[in-house]
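*Asks:* A single structure is presented below for examination.
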């Protein structure tokens, strides 16, 4: 069986930067184990699968898989999926809705050369820092907060965030999906990095879903609803962020990299 496959670099305006995501449009869902095997074979942080949504003639059902597990929310692969819809599946459209199993309805709108995700907030709450977290980071943060999925660890400076070299086995033992580290930016409002060994991803290059946590935190701290962000991984990515009550706008650019077909056993 031949299936289309696209690879799109998200949150960047050029190839070889941002976060690469595979996008596999389907007519009907494949077995879960087949989709997981495809994601493992792609070996990117996420592979997105989308199927036309029968109740919504203009929308799609959407699921995301890392090489190891299915996840409940993914920003960069949703951005990549929207780019594939706009350029290949429904050329000329400027908005698309996605129905998801865990994150509810999501949408993406084209705004000039940028695509903007409409995602739910996941506002963090202050918590006591686990000893294992501090030992894994080997650096004293200003504060530690926790959302339903991730820890948010706040540092004083961009340089501290860049210098982190976490011990992944210790992070894996913490029990939550991800660890977001952040600090004030220099040319941007804030910077971040994201570690997710529980998902089989030591460091994710650019993480849209982490900004569901970051945006409400920095909006309150800075007293502004519109923010600029940079994820300072090796590949790096730029995001434009907006807090809209219980929702956030997360905008980024995309750079198509690959278009082809894959062969999957029937």
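The values are calculated or read from the model by the stated rules, or taken from the named source; none is laboratory data. Predicted model, so just to flag it, every value in this text is computed and none were measured. Counting neighbours? That spans all protein chains shown, and the Cβs are built from the backbone with ideal geometry, glycine included.
*Asks:* Out of 185, 245, report the one residue that is surrounded by fewer than 16 Cβ atoms within 10 Å (Cβ to Cβ) and over 16 Å from the mean Cα position of the chain (by Cα).
*Replies:* 245
*Asks:* Here's a follow-up. So which of 215, 250, 179, 262 ends up being touching a residue at least 12 places away in the same chain (Cβ under 8 Å), exposed (fewer than 15 other Cβ atoms within 10 Å of the Cβ) and in contact with a strand residue (DSSP E or B) (Cβ under 6 Å, 6 or more places away or on another chain)?
*Replies:* When all the criteria are applied, what remains is 262.
*Asks:* While we're looking at this one, here's another question. Of all residues in region 41-54, which are in a loop (DSSP other than H, G, I, E, B) and either in contact with a strand residue (DSSP E or B) (Cβ under 8 Å, 6 or more places away or on another chain) or at pLDDT 95 or above (or both)?
*Replies:* Step one: list which residues in region 41-54 are in a loop (DSSP other than H, G, I, E, B), which gives 43-45, 53-54.
Scanning region 41-54 gives 43, 44, 45, 53.
*Asks:* Continuing with this model, one more query. If you check 129, 136, which single one turns out to be assigned to a loop (DSSP other than H, G, I, E, B) and farther than 20 Å from residue 222 by Cα? Please lay out each step first, then the result.
*Replies:* On the way: 136 fails: assigned to a loop (DSSP other than H, G, I, E, B).
Within the list 129, 136, the selection yields 129.
*Asks:* Something else now. Which members of region 1-40 meet the condition of being surrounded by fewer than 14 Cβ atoms within 10 Å (Cβ to Cβ), free of Cβ contacts under 8 Å to residues at least 40 places away in the same chain, in contact with a strand residue (DSSP E or B) (Cβ under 8 Å, 6 or more places away or on another chain) and not in a loop (DSSP other than H, G, I, E, B)?
*Replies:* Answer for region 1-40, where residues must be surrounded by fewer than 14 Cβ atoms within 10 Å (Cβ to Cβ), free of Cβ contacts under 8 Å to residues at least 40 places away in the same chain, in contact with a strand residue (DSSP E or B) (Cβ under 8 Å, 6 or more places away or on another chain) and not in a loop (DSSP other than H, G, I, E, B): just 32.
*Asks:* Take region 167-201 and flag every residue that is over 21 Å from residue 74 (Cβ atoms) and modelled with pLDDT of 95 or more. Even if it seems obvious, please write down each step before you answer.
*Replies:* Applying the first criterion (over 21 Å from residue 74 (Cβ atoms)) to region 167-201 yields 167, 169-170, 173, 183-189.
183, 184, 185, 188, 189 - these are the residues of region 167-201 that are over 21 Å from residue 74 (Cβ atoms) and modelled with pLDDT of 95 or more.
Residue-wise test of (1) crowded, with 17+ Cβ neighbours inside 10 Å; (2) closer than 30 Å to residue 167 by Cα.
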| residue | (1), (2) |
| --- | --- |
| 54 | no, no |
| 58 | no, no |
| 73 | yes, yes |
| 98 | yes, no |
| 111 | no, no |
| 132 | no, yes |
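*Asks:* Is there a residue being assigned to a loop (DSSP other than H, G, I, E, B), under 30 Å from residue 94 (Cβ atoms) and in contact (Cβ under 8 Å) with a residue 12 or more places away in the chain anywhere in region 160-175?
*Replies:* No; the residues of region 160-175 include none that is assigned to a loop (DSSP other than H, G, I, E, B), under 30 Å from residue 94 (Cβ atoms) and in contact (Cβ under 8 Å) with a residue 12 or more places away in the chain.
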